[in-house]
Each structure stands twice: as C-alpha cells, then as structure tokens.
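Single-structure report; data block below.
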Amino acid sequence: MVLTDLDRWFAREILPHEDSLTRFLARAWPQREEIHDLRQEIYVRVYQAAAVQRPHLPKAFLFATARHLMTDRLRRSRVVSIEAVGDLHDSNVLMDERSPDRWLDARQMLKRLAEALDRLPDRCREVVWLRRVEDLPQKQIAARLGISEKTVEKQIAKGTRLIAQYFYGGTQKEEPPRRRRSASAHSHGSQQQTD
C-alpha cells in the first residue's frame, strides 16, 4: 500500500493525539461503548476535511471536530439540550491554542446555529441536517424521505436562506439591506452624483 501525502500528514499530525482524544471522549461522552466508533468517525471527518484543506492547527481542529460530532449526536438524539455540551471545553487540551474568548464565541455561535436549525420547518430541518451535517447526497436524501431531488434542492435552498436570515436578520438587521441598496445601480448612481 502506497501512502499519500495526506496519509503521511494524518499519521504525523493527528494520530499522535489518539490517547488524549480517547481520554477526552471518555470524560465527555456518557456512552462508553460508543467511544471507539466516535473516535473513528472523528478521524474520518478530519481526514475528509484535510483532503480539501489542511488545518493550520491540526490538534485544535481534531478536538473541535470531536466536540462538533458529540454536539451533533446529542442534538440528533434530542435527549439533552444544547446547553448540556457546555462542559465539553473543560478539557485543557487546547488551552495553549485557544483563548477563553474564542471558546465563548464558538459556544455562542453553536447555540445560535442550533436555534436557527430549531426554527426551520420540520421537513426543511431534516433535509438540511441530512445534507449539511450527515453529508448525504441529494439522491440518497430523496430516496430516504420519499421526495424528489428537486424538492431536496428547494428545501436546502430554503433552509440556507432561513438560517442566513436568522443570523443576519437578528443582530445585524440593517447591514445586509444597506449593502444591497448601495450596490444597486440606482443608489450607486445617486451616490456618485453627491460625491
């Protein structure tokens, strides 16, 4: 078997943290029997992401991926609220690489994303989750849900639009419309006349 550059990167940058990752998962994840599967899924996600673009901080990326996967699983199970993952950052594994402000920002962003997803209509949320989180192809989503691929496309577009509206329509209500108006030919022309 010939190792690719990606394989060598993964072995050099990710695998040395396996013991730390396993301990982190053991502390953070209540179902011990799932830890091995969780770790393997984390490795798959890291590997796939690195195939597109290598992270600048591989260790931080590994543990961020672990936290995101656990959060995804908790949300899917709907057993506990998103607040239950608040202690996932208590591990000081990344303290040298991330400041408390960045942790807080990430948690707030995750909470807002969870709120945005919860506001989507049921079918829309299900389609967005399967496509964006579980990374299933449109064809497979259509078959699983018994809908057409065109419906899947429409639901993804609708979900993306509604999530964007939630994010940019909430704390930054005026900014996107102002940009759109100033970019239009009419207001752009009137701005030039006043300059």
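The values are calculated or read from the model by the stated rules, or taken from the named source; none is laboratory data. Predicted model only: the values in this text are computed from it and were never measured. With ideal geometry, Cβ positions are generated from the backbone for all residues, glycine too; neighbour counts draw on all protein chains shown.
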Does residue 14 satisfy the condition of being at pLDDT below 90, at negative phi and not basic (Lys, Arg)? no
Mind checking which pairs have a first residue in region 14-30 that is farther than 18 Å from residue 54 by Cβ and a second that is loosely packed, with under 13 Cβ neighbours inside 10 Å, Cβ under 7 Å, 6 or more apart or different chains? 26/32
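Would a scan of region 117-128 turn up a residue that is in the same structural domain as residue 166 (by TED's automatic domain parsing), touching a helix residue (DSSP H, G or I) at 6+ places or on another chain (Cβ under 9 Å), in contact (Cβ under 8 Å) with a residue 40 or more places away in the chain and buried (at least 18 other Cβ atoms within 10 Å of the Cβ)? Before you say what the answer is, go through the steps one by one.
Step one: of region 117-128, the residues in the same structural domain as residue 166 (by TED's automatic domain parsing) are 117-128.
Applying the additional criterion that residues be touching a helix residue (DSSP H, G or I) at 6+ places or on another chain (Cβ under 9 Å) yields 117-121, 123-128.
After this cut, where a residue has to be in contact (Cβ under 8 Å) with a residue 40 or more places away in the chain as well, the list is 117, 119-120.
Now drop any that are not buried (at least 18 other Cβ atoms within 10 Å of the Cβ), which leaves 117, 120.
Yes, region 117-128 contains at least one residue that is in the same structural domain as residue 166 (by TED's automatic domain parsing), touching a helix residue (DSSP H, G or I) at 6+ places or on another chain (Cβ under 9 Å), in contact (Cβ under 8 Å) with a residue 40 or more places away in the chain and buried (at least 18 other Cβ atoms within 10 Å of the Cβ).
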So the check is Cβ under 7 Å with 6+ separation or different chains; which pairs have a first residue in region 156-174 that's at pLDDT 70 or above and a second one that's of a type in the set (Gly, Ala, Ser) and surrounded by 13 or more Cβ atoms within 10 Å (Cβ to Cβ)? 163/116; 166/116; 167/116
Do we have any residue at all in region 140-151 that's assigned to a helix (DSSP H, G or I), out of contact with any helix residue (DSSP H, G or I) (no Cβ under 6 Å at 6 or more places or on another chain), at pLDDT below 90 and surrounded by 16 or more Cβ atoms within 10 Å (Cβ to Cβ)? no
With the checklist (1) more than 19 Å from the chain's Cα centre (by Cα); (2) modelled with pLDDT under 90 in hand, flag the one item residue 29 doesn't pass. (1)
State all residues of region 128-139 that are assigned to a helix (DSSP H, G or I), closer than 24 Å to residue 70 by Cβ and of a type in the set (D, E, K, R); if no residue qualifies, say none. 131, 132
